[in-house]
Amino acid sequence: MTTPGFRPTHVVPQNGMPAWEAPDPSRPTVDLDPLLPVQLLERQGDWGHVLCFNGWSAWVDGRRLVAVPQDPPAADGPLTRAADPRPLLGRAQEALARYRSAVEDLAGGLDRESFRARTHGMRIGVVVDGESVWLYDSAHGHWVYADGMRMTTYATDQTPAAGAASRPAEAPVRPPTRAEPPEGPVGT
């Protein structure tokens, strides 16, 4: 059974994700399947209330949802500029240079306790695969993904936090492409 008017705005990340009955970590429910299309209904802090195509709804870490690609902009639309990954790449390069220097000093006789003190709290993450790059932003505690056209948050270190008030999810500028559910038994 498909919910009438269901239009996915996001999909669950490729490894699936936990879900909750309410925006409260003490009330877990069934995990959501990888790449499941969902419609984001509202946000409450870091929490997102999602609707699945079969009518089932749950609360998830809204920061981890992957936005459904929107249709290309019309030819007469305004030009937009993608987020620039260079500042994050620069910070990763500087952190890697500091770590390498500490390793060099360790190899040169620096004691382990001094090495541990110099590298304490250091977190670096860079994965490059062709035009795609995943960068860890240690200042904000999350991974971002960039493909040369846009940069978006991919995953985060933090547990969702409730905000002061619930607010409706922001409607996309253009309606997303409709995804048809598969035939057969319906699950989450």
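For region 47-63, how many residues are at pLDDT 90 or above and either part of a loop (DSSP other than H, G, I, E, B) or assigned by the TED database to the domain that holds residue 143 (or both)?
Here the count works out to 1.
Filter region 93-131 down to residues that are part of a strand (DSSP E or B) and not acidic (Asp, Glu), then give me how many there are. So that I can check it myself, show each step before the final result.
Looking only at region 93-131, we keep the residues that are part of a strand (DSSP E or B), and these are 126-129.
With the extra rule that they be not acidic (Asp, Glu), the set shrinks to 126-128.
Here the count works out to 3.
Is it the case that region 133-153 has a residue that's at pLDDT below 55 and either surrounded by fewer than 13 Cβ atoms within 10 Å (Cβ to Cβ) or more than 20 Å from the chain's Cα centre (by Cα) (or both)? Before you say what the answer is, go through the steps one by one.
Let us first name the residues in region 133-153 that are at pLDDT below 55, namely none.
No - not one qualifying residue is present in region 133-153.
Condition first: of a type in the set (Val, Ile, Thr) and closer than 16 Å to residue 96 by Cβ. Now tell me which residues in region 106-147 satisfy that. Quick ask: steps written out before the conclusion?
Restricting attention to region 106-147, the residues satisfying the condition of being of a type in the set (Val, Ile, Thr) are 119, 124, 126-128, 133, 144.
119, 124, 126, 127, 128, 133, listed by residue number.
For region 132-154, give me each residue that is closer than 15 Å to residue 63 by Cβ and either touching a Lys or Arg at 6+ places or on another chain (Cβ under 9 Å) or part of a loop (DSSP other than H, G, I, E, B) (or both).
Once the filter is applied, which keeps residues that are closer than 15 Å to residue 63 by Cβ and either touching a Lys or Arg at 6+ places or on another chain (Cβ under 9 Å) or part of a loop (DSSP other than H, G, I, E, B) (or both), region 132-154 yields 136, 137, 140, 141, 142, 153, 154.
The values are calculated or read from the model by the stated rules, or taken from the named source; none is laboratory data. Note that the structure is a prediction, hence the values are computed from the model and not measured. Methodologically, a virtual Cβ is constructed for each residue, glycine included, from the backbone with ideal geometry; neighbour enumeration extends over all protein chains shown.
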